[in-house]
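To start, the structure itself, in structure tokens.
The values are calculated or read from the model by the stated rules, or taken from the named source; none is laboratory data. Quick caveat, the model's predicted, so the values are computed rather than measured. Glycine gets a Cβ as well: all are built from the backbone with ideal geometry, and neighbour counts include every protein chain shown.
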Amino acid sequence: MIKGMSATRDTAQAADLLTWYDRHARELPWRVSPAARAAGVRPDPYRVWMSEIMLQQTTVAAVKSYFEAFTTRWPTVSDLAAAEDADVMAAWAGLGYYARARNLLKCARAVADEHGGVFPQTLEGLRALPGVGPYTAAAVAAIAFDLPETVVDGNVERVMARLHDEHMPLPQSKPVLTGYAAALTSQGRPGDYAQAVMDLGATICTPRNPACGLCPWRTACAAWDRGTQAELPKKAPKKRKPTRHGIAYLVKRVDGAWLLERRPDSGLLGGMLGWPGSDWSEEAPADAPPIRAEWKTLNAEARHTFTHFHLRLTVKTALVPMERRPERGEFVEAEVFDAGDLPTVMRKAFALTTG
Ligand code: SF4
């Protein structure tokens, strides 16, 4: 254990995990290492909060470069609050789940306007911020402010199910697993502990082939004792995702400008720039071109899977003269157009035109 840190109020199990974390903590751009924390370095709540929002539904590997780009461009919550919506949405493009980007801005503005640019330091205060759910509030409270809150994500659920050989399927078992996690939460080093359980789940107690031989909790682990790790956590069978169909219209003007349309704020990909298109539905989509043109339908479809459905987009392309006016959307000049600013599904449609 790191000198100066006491875990005397913690269970032996929490202390074992913290000892492991002191040696094996992952180095992450938003993290204060256990040694630095012991030396008195405090995490920046802005960076902790941003990392937690970005990590929802997204892997650490995918988040790192976005996190670096955001915190370099907007180093404080007040900088982010003052950013243009379109710049933030474009910087978020490719990270997915775009409601998170809109909430990121709303929350930054609430912290800047209502809290003088300082994040609230209580669970309730954090919970009251826009886009901050129970998980994010607990994570920021524990990691940024060292409050003994229980942080339960998918990693922690898996570890708890195995530790207790819990066979009740998710999501039904969530309250039980949360109870197990709460009983173990460190009172002495809650911030390090929250990150330690996440690291254990991400690097040792992995979904497939957990490295039980290296696990600091092996002797206490009921699943290891009974050899049931591979079956846990049990999950209720998933509903089959439906397939929706749509049309994307990729219109180029003779000078190289592209016709783009900003999607409505509410709904999927809300507020993002994209190709004008039809509705996405399980029936054949109605053809509703955004401009008068000679259309060419590409042989290949753009395919993408969202949380609740698969999407197949028919891609139609057209080249139009300078004077042609669109019924929807606006032309974006070739020098400013960057396919990288578009959401992934829109990039896939674009790639079909260049491939
Ligand atoms: S012993 Fe294995 S199954 Fe149990 S918590 Fe550790 S890694 Fe997970």
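Matching residues to (1) charged (D, E, K, R); (2) in contact with a Pro (Cβ under 9 Å, 6 or more places away or on another chain); (3) under 14 Å from residue 50 (Cβ atoms); (4) touching a residue at least 40 places away in the same chain (Cβ under 8 Å):
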residue: 62; (1), (2), (3), (4): no, no, no, no
residue: 81; (1), (2), (3), (4): no, no, yes, no
residue: 90; (1), (2), (3), (4): no, no, no, yes
residue: 101; (1), (2), (3), (4): no, no, yes, yes
residue: 119; (1), (2), (3), (4): no, yes, yes, yes
residue: 140; (1), (2), (3), (4): no, yes, yes, yes
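A single member of 111, 118 is assigned to a loop (DSSP other than H, G, I, E, B) and at pLDDT 95 or above, and it is 118.
The set of residues in the range 151-193 that are on the phi < 0 side of the Ramachandran plot, in a loop (DSSP other than H, G, I, E, B) and over 22 Å from the mean Cα position of the chain (by Cα) comprises 164, 166, 167, 168, 169, 172, 173, 185, 186, 187, 188, 189. Touching a Gly at 6+ places or on another chain (Cβ under 7 Å) and closer than 27 Å to residue 100 by Cα - does that describe any residue in the range 311-321? Checking the range 311-321: at least one residue is touching a Gly at 6+ places or on another chain (Cβ under 7 Å) and closer than 27 Å to residue 100 by Cα. Among the residues of the range 42-101, just one is polar (S, T, N, Q) and crowded, with 20+ Cβ neighbours inside 10 Å, namely 51.
Each residue in the range 220-248 was checked for being out of contact with any helix residue (DSSP H, G or I) (no Cβ under 6 Å at 6 or more places or on another chain), within 25 Å of residue 279 (Cβ to Cβ) and not in a loop (DSSP other than H, G, I, E, B), and 5 of them qualify. One residue stands out in the range 152-191 among those that are charged (D, E, K, R) and surrounded by fewer than 18 Cβ atoms within 10 Å (Cβ to Cβ): the one that is farthest from the ligand (Cβ to nearest atom), namely 174.
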